[in-house]
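Encoded as structure tokens, the structure appears first; notes follow it.
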Amino acid sequence: MEKHNSCINTKAVIDYVEERDPSLVEPLLKDLSPELAGVEDVRQFLTDPNNWVSTQVLIEIYERVKRLFNNENVVFDIGFESVAKRRLGYIQRVFLSAFRSYARAPNRHALTLKRLQNLNDKFNRNKTVQLVDLRKDGAVVHLKWFRDIPMTRDFCLMNRGVYVAHPVVWNEPPCDVEEPRCYFQGDDHCEYHV
């Protein structure tokens, strides 16, 4: 089974659950996937950002966290908090500096586009990311999901949470993100107006 998702994603879910109710971590992870059957310490494996898992593992962990919190949109909250509470480490700092440096020097368009995709690849390998337009007051970003990888709307919710939260790192209020197009609602890609 191909592994398209860094365990940075699973760590964000585990941290969120553990902060709210540590007793829910066990039901979140118990018998999660045959893919993890040979792993001695599943929690440790899934919180190590150097490890990768299949999309099926992430789909299951998202389904479980939604059931545990009885909230269909909890994955958005997890994405938001992973940035707002600075849980993504150095990758987040580089990601955010890419936006900031582009805003100060619009002629760096090609470099920033390259950075966005390279940084996306540190989190997952399930889509391409294109910065379509960047202005002083916002940006348009396209997420083009790979059709041969099974995914759910939760992947979009996680990304939206990350994009909404990114100004919080600079002690600014969260930004507005509108999504006029969504791959998971029949469009050919997700389009974020940030």
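Cα extents for segment 1-65 along the principal axes, largest to smallest and rounded to whole angstrom: 31, 22, 20. Applying 1/(1 + (r/R0)^6) with r as the Cβ-Cβ distance of Lys30 and Val132 and R0 = 45 angstrom yields a FRET efficiency of 0.60.
P(r) for segment 123-181, from all Cα pairs and a bin width of 10 Å, is 18, 52, 26, 4 %, short bins first. The share of accessible area on segment 41-81 that comes from carbon and sulfur is 42 percent, using a 1.4 angstrom probe.
Legend: distances between Cα atoms for Lys3/Lys127; Lys30/Lys127; Lys30/Lys66; Lys85/Lys136; Lys3/Lys66; pairs beyond 19 Å are Lys30/Lys127; Lys85/Lys136; Lys3/Lys66. For segment 127-194, the set of trypsin sites (Lys or Arg not before Pro) satisfying both a DSSP loop assignment and a count of at most 16 other C-beta atoms within 10 Å is given as Lys136, Arg147.
The values are calculated or read from the model by the stated rules, or taken from the named source; none is laboratory data. All values derive from a computational prediction rather than experimental measurement. FYI the Cβ positions are ideal-geometry reconstructions off the backbone, even for glycines, and counts take in every protein chain you see. Heads up: the accessible areas ignore ligands, DNA and RNA and are worked out on the full protein's heavy atoms, side chains in. Shrake-Rupley method; radii C 1.70, N 1.55, O 1.52, S 1.80 Å.
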